[in-house]
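Before I ask anything, here is the structure I am working with.
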Amino acid sequence: MSLKRIFEQHPERRYIMFGGKGGLGKTTFSAATAYWLASQGKKVLVFSVDPQASLSDIFERDIFGKGPVQIMENLWAQEIDADQHIKQYQNEIRQKILDMYGFDEIPEEIEQYIQAASAEPAMEESAIFDAVVDIVVEGNYDYYIYDLVPLGHALYYLSMAKVYDEWINKITKLREEMREYEEMVSRLKRERELEEDAILRELLYIRSRINESSNILTDREKTAFFFVVVPEEMILIDTQKAAGLFAKFDVPISGYIVNRVVPRDLLRLEIPAYLRNRIEMQDRYLEQIGVMFSDQVVAHVPELERDVAGLPMIKTLSEIMYAD
Ligand SMILES: Nc1ncnc2c1ncn2[C@@H]1O[C@H](COP(=O)(O)OP(=O)(O)OP(=O)(O)O)[C@@H](O)[C@H]1O
Ligand SMILES: [Mg+2]
């Protein structure tokens, strides 16, 4: 099974993610895949929430916090700036408070509360989460490639989506019950019908967005999630553990891609013992990978002669990854 075949056989899988431990090649594969799909005539967005701005690095363009930036024909890249979103969030909250309660300005205590809440790490997470929801729900591209942050963090997002969802379910339910009660009271008092409940509306809206996005990201039909591994012992142990956790969050795994495989044709040349030993070591782990993940291994990607950055290098890699 080749990567190219997988994409050709499953055109409905439009949400592509590369997960794995830090530094193994997630951003590199995201960019190469985006490049390949775009050159096949598909409209592609590759995006990340990584504050390290690694898409800016690989495309050699400053795109951080600038919305979707066109890289070449059919290809857009976007890096979410969480801080910018938090500021936007704060303003929206201020505006809602002003509208809802008819204040002329935000009372000092509330302003302090908004400031304090924004310093919470959870605020950053939810700003990022919200931005990702915005992107995937929009639906303007043929493919969305989500260049994930290292494993632990990605798991944290997924678990947060679940917690968030449950939390909102509880609140909406409570709010609905309260509303029924309020309606009853107002009928008894013969007051006019309650105005539309702005808070309930807001909560229902948030819930529908969360459902929509977590449905997309865990939908076997629409999503392809690839695990990046390298032939090294520690990576294999960690990956196996992580794969179990991802399964728990219902993330469908489409395959494992083995990166940084030293080209075997070097063995036909006079090469130093050092390199020969490394190849032998990799052989051992490649065998283990075969046993562990068997037919789920969908590609072996060679270690290139230098880092992957800039479009010509991305193109070279994409041609290797998506060869027939
Ligand atoms: N097959 C390869 N050949 C040569 N260099 C590679 C290869 N794959 C990845 N690299 C290089 O390894 C480095 C790390 O890759 P990359 O940034 O894609 O990892 P990552 O998984 O996105 O890391 P992070 O977890 O920090 O986001 C980069 O400098 C990249 O150019
Ligand atoms: Mg990365």
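Counting only DSSP beta bridges with both residues in the chain, tell me the antiparallel percent, nearest 5. Spell out each step's value before the answer.
On the way: 3 of 32 bridges.
Of the beta bridges lying entirely in the chain, close to 10 percent run antiparallel.
Something else: Pick from PRO312, PRO263, PRO107: which residue has the top mean-square fluctuation in a GNM of the chain where Cα pairs under 10 Å get a spring?
For the chain, modelled as a Gaussian network with Cα springs under 10 Å, the answer is PRO107.
If you don't mind, there's one more thing I want to ask. Between 0 and 90 degrees, rounded to the nearest ten: what's the tilt of helix 151-188 against the longest Cα principal axis of the chain?
20 degrees
If you don't mind, there's one more thing I want to ask. Tell me, what ³J(HN,Hα) does each residue in segment 134-144 have, in order and in whole Hz, if you take phi through Karplus 6.51 cos²θ - 1.76 cosθ + 1.60 with θ = phi - 60° and put x for Gly and Pro?
3, 5, 6, 6, 4, x, 8, 10, 6, 9, 10
Mind checking the angle between helix 311-321 and the chain's longest principal axis? C-alpha axes, 0 to 90 degrees, to the nearest 10.
70 degrees
Same structure again: So how much slack lies between ILE110 and ALA273, counting 0.36 nm per residue of separation and subtracting their Cα-Cα distance, in nm?
So the chain would gain 51.9 nm between ILE110 and ALA273.
Could you give the angle, 0 to 90 degrees to the nearest 10, between helix 82-101's Cα long axis and the longest principal axis of the Cα atoms of the chain?
The angle comes out near 10 degrees.
Mind checking which lysines have their Cα closer than 19 Å to the Cα of LYS170? Skip sequence neighbours fewer than 8 apart in that chain.
The qualifying lysines are LYS162.
Continuing with the same structure: Using a Förster distance of 35 Å, how high is the FRET efficiency between LEU174 and ALA119, based on the Cβ-Cβ distance and rounded to 0.05?
E between LEU174 and ALA119, to the nearest 0.05, is 0.80.
Take the chain, connect every pair of alpha-carbon atoms lying under 10 Å apart with a spring to form a Gaussian network, then pick out the residue of GLY22, GLY244, GLY102 with the largest mean-square fluctuation.
Looking only at GLY22, GLY244, GLY102, the biggest GNM fluctuation is shown by GLY102.
Could you work out the local net charge near VAL262, counting Lys and Arg as +1, Asp and Glu as -1, over the other residues with Cβ closer than 9 Å to its Cβ?
Net charge in that neighbourhood comes out at +2.
Here is a further query. Connecting C-alpha atoms closer than 10 Å in a GNM of the chain, tell me which of GLN282, GLN88, GLN112 has the biggest fluctuation.
GLN112
What's the center-to-center distance, using Cα atoms, between segment 82-146 and segment 233-296 in Å?
41 Å
Using a Förster radius of 56 Å, what is the FRET efficiency between ASP57 and VAL185 based on their Cβ-Cβ separation? Nearest 0.05, please.
0.40
Next up: So which of LYS43/LYS315; LYS43/LYS222; LYS21/LYS315; LYS4/LYS43; LYS4/LYS66 end up more than 20 Å apart by C-alpha? Before the final figure, lay out the partial values.
Values: LYS43/LYS315 17 Å; LYS43/LYS222 16 Å; LYS21/LYS315 24 Å; LYS4/LYS43 17 Å; LYS4/LYS66 31 Å.
Distance filter (> 20 Å) returns LYS21/LYS315; LYS4/LYS66.
Between MET234 and LYS87, what length comes free when the chain is fully extended (0.36 nm per residue of separation minus the Cα-Cα distance, one decimal in nm)?
Separation in residues times 0.36 nm, less the Cα-Cα distance, equals 48.9 nm.
Okay, moving on. Classify the chain: rounded, prolate or oblate, from the alpha-carbon gyration tensor (a ≥ b ≥ c, eigenvalue square roots; a/c under 1.5 rounded; otherwise prolate if a/b is larger than b/c)?
prolate
No value in this document is a laboratory result; all are computed from the given coordinates. Keep in mind it's a predicted model, so treat the numbers as computed, not measured. Cβ: placed from backbone, ideal geometry, glycine included. Neighbour counts: every protein chain shown.
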